[in-house]
Amino acid sequence: VLELCSASNPITVAKLMSRLFGLLIPVFLCALSLDAFAGDKGYDVTYYNAYIHLYRTQDSLAGIVTMQATADSNISQILQMRKYLAVDSIFVNGSAASMTQPDTNGSCFVNIQNPIPKGTQFSVTTYFHGKGEPEDGGGAWGGITDKSGMMFAMGVGFTCTYVSCTRHWLPCYDLPDDKADSVDLTFETPDTDVVASNGLLVSDLLLPNGHRQFHWHVGHPIASYLMTFAVGGFQKLSIPNSLGLPFTIYSFAKDTAAMGLEMRNHVAEALAFFDSLYGSYPFEKVGYVLAPFGSMEHQTMITLDPSAVAAASTTAQHELSHQWWGDHVTCKTFDDAWLNEGFATFSESLVLERFTNEAAYWTRQHSNINGALSAADSVPMFGAPSHVVKDNYPSAIIYNKGAAVLGMLRYYLGDSTFFHSLRTYGTEHAYATATSYDLWQSFEGSTGQDLGWFFREWVFRTGYPQLKLIWSKQGNMATLNYQQTQDSTKVGYFRVPMIVEGILNGVKERVPVWLDSTQFTAAQVQFSFSPDTILTDPDGALIKKILSTTEGVTPASSALSALKIHIDGNPIRDGKLSFDVDRKQSFGALTIQLANESGSIIETLFRDSAFGTHLHFDKNIKGLSSGSYFVMVEDGHGTTTAEKLSLTK
Ligand SMILES: [Zn+2]
């Protein structure tokens, strides 16, 4: 999806995730809609067969659709979604049935007399008609639009309370977690019009009534929101491509030359590029239809905004990459919409890198990072669509931050590992759905690395590191003291693998440095020269802010000697100890330990880098008995001191 780009999804996934990972995910209560029954609807869709009359000039349609499904539990009613459609009659396994009124999202139930036993196949045939309506909620993007001589369906809405808008023209199970294995869509229209749709065109017939009939067959699994049709007096053009795929574009005659040029010059090469990078193109054809507005990754029939038919735009490539990320591997719920949009936005950067240059990649990624910084404090990527009011596709969070996060993962893992893992993830979830957790598991499986810290920080949490650096040098050795200054109670501290660059007279040298997920991190790095400048993250690859970089003076070792500790409180009585440390140097490691009378360590009270000459700590300590103890303090430079502590009840 790309626009100028909504949703009250169920909270169950967020709750489950927070239980699994002990994360603090904001849980928003939303009005209970039937969509909340999504995962538990009790059946598995296998096939849709629809015959639809399109009355473009009246902006209306009428049709029949048969859904075939298998009950995966005993079911006594069948969930269906339809919006702005009237049902004339409905049959379950050929017997007339009734149905409940749709709720505001369009969810309703087909009532059945005898429960359908688990494992049984059944069919629901619905006769329907309606006006072709766009989404409500003021967006008027998703759903059906009749404009500029064409009528077309956009699979998602930006502001409606549901997301998928296929329910505006096809009664169906309209959530992404259950794909139909195959679909036949047949459209009848006056013979002056052409209908573009998903899959392969099986037949294009002139009927005795003077109408024209287009039969499209989708031979691969498809989520409902990726189904579409567009009807109008289109011209059709085939685009040659090195993969030898059927590649057809539909547009009005006045636009065919410009659109054909964009496809031949930029999209065909992107198709071959993605095919080699992500794995073989997953579907039976490539298709585009030019619409008056809006770009949407409908499976094998992408709807394209006029602005995309411009040399500088990467929108057509964005939508093409969705055929792998979105259509082939589909987000299981729209809470994981970043798995679609972050991937497609990142794919645009990769296209720029491949066909322009590396600088163009970084320029685009920096713009994604800036977008992420503008919104990264609001809600995490996971669940963002549910939590951003009136925006099913919050662009800074799921497009910009999504692309920036994938860029960081690439930067950290390196190209061969990253792209290998990406292809593995694609294979593991081929023609199916995935969640953020699936991506995390898949990358851990293929890399053999613990990546929990990365996914927790960037997918399930808000915020970003805001860093202050004080550094000093002794010869070629630089001591770096980083402080994370973001509000740790709101966003916590980040574990950050990063690159630090030392510079002397234009000569540059890079070293990797890890920030711990603590307030202070000290690192000593060795250069082959004595740097006069230190740059943190010189490529600007990370979502972060550097607030200041200051060169300090490393104290002479004699000045490190003064180290004092003052202890307050009695942990036996009040369970708590306070201590104040005074030292001469203003930064560096500090270890504070509690030992028994014979010097054995009982507990480490603090071990970290610290800033300041005066430090105050409070520590809860339980389970001590009366007696004598020592609090021992060790400075990072080898200076130690100890204070005796006599405790009684
Ligand atoms: Zn998109």
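The values are calculated or read from the model by the stated rules, or taken from the named source; none is laboratory data. Computed from a predicted model, the values in this text were never measured in an experiment. Cβ: placed from backbone, ideal geometry, glycine included. Neighbour counts: every protein chain shown. For accessibility, only protein heavy atoms count, side chains too; no ligands or nucleic acids. Shrake-Rupley method; radii C 1.70, N 1.55, O 1.52, S 1.80 Å.
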Listed by first then second residue, the pairs whose first member lies in the stretch 288-299 and is under 17 Å from residue 195 (Cβ atoms), whose partner is open to solvent by 10 Å² or more (accessible area, probe 1.4 Å) and within 15 Å of the ligand (Cβ to nearest atom), with beta carbons under 7 Å and at least 6 positions apart or on separate chains, are 291/305
If you scan the stretch 298-334, which residues turn out to be farther than 20 Å from residue 261 by Cβ, within 10 Å of the ligand (Cβ to nearest atom) and in a helix (DSSP H, G or I)?
321
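Can you say whether residue 83 is crowded, with 20+ Cβ neighbours inside 10 Å, modelled with pLDDT of 95 or more, at negative phi and of a type outside the set (A, V, I, L, M), as far as the supplied structure shows? Spell out the reasoning first.
Numbers: crowded, with 20+ Cβ neighbours inside 10 Å: yes; modelled with pLDDT of 95 or more: yes; at negative phi: yes; of a type outside the set (A, V, I, L, M): yes.
So residue 83 fits the description; yes.
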Which numbered condition residue 89 fails, given (1) polar (S, T, N, Q); (2) assigned to a strand (DSSP E or B); (3) open to solvent by less than 10 Å² (accessible area, probe 1.4 Å):
(3)
Does any residue of the stretch 394-417 turn out to be closer than 17 Å to residue 344 by Cα, in a loop (DSSP other than H, G, I, E, B) and within 16 Å of the ligand (Cβ to nearest atom)?
yes
Examine the stretch 224-232 for a residue that is open to solvent by 10 Å² or more (accessible area, probe 1.4 Å) and away from the ligand (no atom under 16 Å from the Cβ), and state whether such a residue exists.
no
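Return the residues of the stretch 174-202 that are farther than 18 Å from residue 144 by Cα, of a type outside the set (Lys, Arg) and part of a loop (DSSP other than H, G, I, E, B); say none if nothing qualifies.
Residues of the stretch 174-202 farther than 18 Å from residue 144 by Cα: 176-184, 190-192, 199-202.
Next, only the ones that are of a type outside the set (Lys, Arg) stay: 176-178, 180-184, 190-192, 199-202.
The answer is 176, 177, 178, 181, 191, 192, 199.
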For the stretch 184-213, which positions are surrounded by 13 or more Cβ atoms within 10 Å (Cβ to Cβ) and polar (S, T, N, Q)?
186, 189, 197, 198, 213
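Confirm whether residue 106 is within 25 Å of the chain's Cα centre (by Cα) and under 21 Å from residue 333 (Cα atoms). Steps first, answer last, please.
Numbers: within 25 Å of the chain's Cα centre (by Cα): no; under 21 Å from residue 333 (Cα atoms): yes.
No, not satisfied.
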Taking the condition of a type outside the set (Lys, Arg) and out of contact with any helix residue (DSSP H, G or I) (no Cβ under 8 Å at 6 or more places or on another chain), does residue 411 pass?
yes
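Output the residues belonging to the stretch 150-168 that are of a type in the set (Val, Ile, Thr) and more than 22 Å from residue 128 (Cα to Cα). Let's see the steps before the verdict.
From the stretch 150-168, those of a type in the set (Val, Ile, Thr) are 156, 159, 161, 163, 166; that's our starting set.
Across the stretch 150-168, the qualifying residues are 159, 161.
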Please determine whether any residue of the stretch 223-233 is on the phi < 0 side of the Ramachandran plot, aliphatic (A, V, I, L, M) and assigned to a strand (DSSP E or B).
yes
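Would you pick out the residues in the stretch 113-133 that are assigned to a strand (DSSP E or B) and at pLDDT below 95? So that I can check it myself, show each step before the final result.
If we filter the stretch 113-133 for residues that are assigned to a strand (DSSP E or B), which is where we start, we get 113-116, 121-131.
Hits for the stretch 113-133 are 113, 114, 115, 131.
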For residue 7, indicate whether it is modelled with pLDDT under 75, more than 16 Å from the ligand (Cβ to nearest atom) and under 25 Å from the mean Cα position of the chain (by Cα).
no
Let me confirm something: among 284, 297, which residue is of a type in the set (D, E, K, R) and open to solvent by 10 Å² or more (accessible area, probe 1.4 Å)?
284
Check the stretch 500-509 and report whether any residue there is touching a strand residue (DSSP E or B) at 6+ places or on another chain (Cβ under 8 Å), open to solvent by 30 Å² or more (accessible area, probe 1.4 Å), within 25 Å of residue 613 (Cα to Cα) and acidic (Asp, Glu).
no
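I'd like the full set of residues that are assigned to a strand (DSSP E or B) and under 15 Å from residue 483 (Cβ atoms), limited to the stretch 587-624. Before the answer, list the steps.
Applying the first criterion (assigned to a strand (DSSP E or B)) to the stretch 587-624 yields 587-596, 601-611, 614-620.
Scanning the stretch 587-624 gives 587, 588, 589, 590, 608, 609, 610, 611, 615.
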Selection from the stretch 239-281 of residues within 21 Å of residue 356 (Cα to Cα), under 29 Å from the mean Cα position of the chain (by Cα) and not hydrophobic (A, V, I, L, M, F, W, C) yields 262, 266, 269, 275, 276, 278
Are any residues in the stretch 335-367 under 22 Å from residue 181 (Cβ atoms) and either hydrophobic (A, V, I, L, M, F, W, C) or away from the ligand (no atom under 16 Å from the Cβ) (or both), and if so, which ones?
339
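Evaluate the following for residue 517: is it open to solvent by less than 50 Å² (accessible area, probe 1.4 Å) and either out of contact with any helix residue (DSSP H, G or I) (no Cβ under 9 Å at 6 or more places or on another chain) or closer than 28 Å to residue 400 by Cα (or both)? Write out each step before concluding.
Working: open to solvent by less than 50 Å² (accessible area, probe 1.4 Å): no; either out of contact with any helix residue (DSSP H, G or I) (no Cβ under 9 Å at 6 or more places or on another chain) or closer than 28 Å to residue 400 by Cα (or both): yes.
No, not satisfied.
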